[in-house]
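Each remark here refers to the structure printed beneath this line.
We did not get these values from a lab; they are worked out from the coordinates using the rules stated. These numbers come from a predicted model, not from an experiment. Reconstructed Cβ throughout: ideal geometry from the backbone, glycine too, with neighbour counts over all protein chains shown.
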Amino acid sequence: MNVNSEQNNKVYLCGTIVSKAEFSHEVFGEGFYEFFVRVNRLSGQADTLPVTISERLMTPEMQVGQTLCALGQFRSYNKLEGGRSRLMLTVFVREVLSQAPSANPNSVVLSGYICKPPVYRTTPFNREIADLLIAVNRSYNKSDYIPAIAWGRNARFVSKMEVGDRVVLSGRIQSREYQKKQADESFVTMTAYEVSISKLALYDEFSPFDIDEEFALFTRPHAEHSHADKL
C-alpha cells in the first residue's frame, strides 16, 4: 500500500473544550486559533491537548464546555522562548465532524522516520519504556517531529531501531506533566505531549498493519473541510 503525505499523519479527537480560543497566527490572510480540549481515557484519567483550528472552521458553538469532534494531524513547530527554540505540538484540525464516528475518542496513526537514536530504559518497577522521535513528512516540503513512547515488547522492538528506519505506528496522544529545574534551583511544572504507542511496525514489514482498517472511521460523511494546510 502506498502511504502518501496525507496518510502519513492522521488524528481523530473528540472531547470537551476547556479553554477560550485565542488567536495564534495568520497564513495568507487566513487566521488560526488555539484552545485546549480534554479527552477522557478508558481508565478514567484524561488528556488535555492543544488544538489549532482555522477561522473557516470556527463556529459560535465552539465554546468552553462544548464537545469538539474533529479529524486532523499531529503537528510540530518551533517557538522562541527566552531566547531558546522550543518544540511545540498541536492537533491541527482539518475537518470538524457533526457526530462522533468512533467509540475511541483519541486515535493517531503516523508513518515516518526515526530521527534520533531511541532511548530504552526500565522503571524502578521493571517496566520497559523506549522514547523515540519521528520525522513525519507533509506537504510544502515540511516535516513534523513527533515524540512517542513505547512500552513492553514494543519498547524492546524500538530499542533495536536505527536512525533512518521508517516506521508505522498507532496509538493515542497523551499529555504528561513533569517538573523542570530552573537556573535559580526552583522547579516549574511543564506539560509534555507525545504519542503513546499501541501498535508498531517497520514500514517494509507492516503487511499485518492495515492503515485503511485503522482509519476506517475517517470515511464518515458529515464533515466540514478546511483547505488550509500550513502552520
Under 28 Å between C-alpha atoms, the lysine pairs in the stretch 9-225 lying 8 or more places apart or on different chains count 20
In the stretch 9-225, with Lys and Arg counted as +1 and Asp and Glu as -1 at Cβ, which of these residues, LEU169, ALA148, ILE129, has the Cα nearest the positive end of the dipole, that is, farthest along it? ILE129
Given Cα positions, please report Rg to Rh for the stretch 9-225, the hydrodynamic radius being the Kirkwood one. 0.96
Are there trypsin sites (Lys or Arg not before Pro) in the stretch 112-209 that DSSP marks as loop and that have at most 14 other Cβ atoms within 10 Å, and which are they? ARG127, LYS160
The stretch 12-79 and the stretch 136-179 have their Cα centres apart by a whole-number Å value of 22
Relative contact order (percent) for the stretch 9-225, with alpha-carbon contacts under 8 angstrom and 6 or more residues of separation? 18
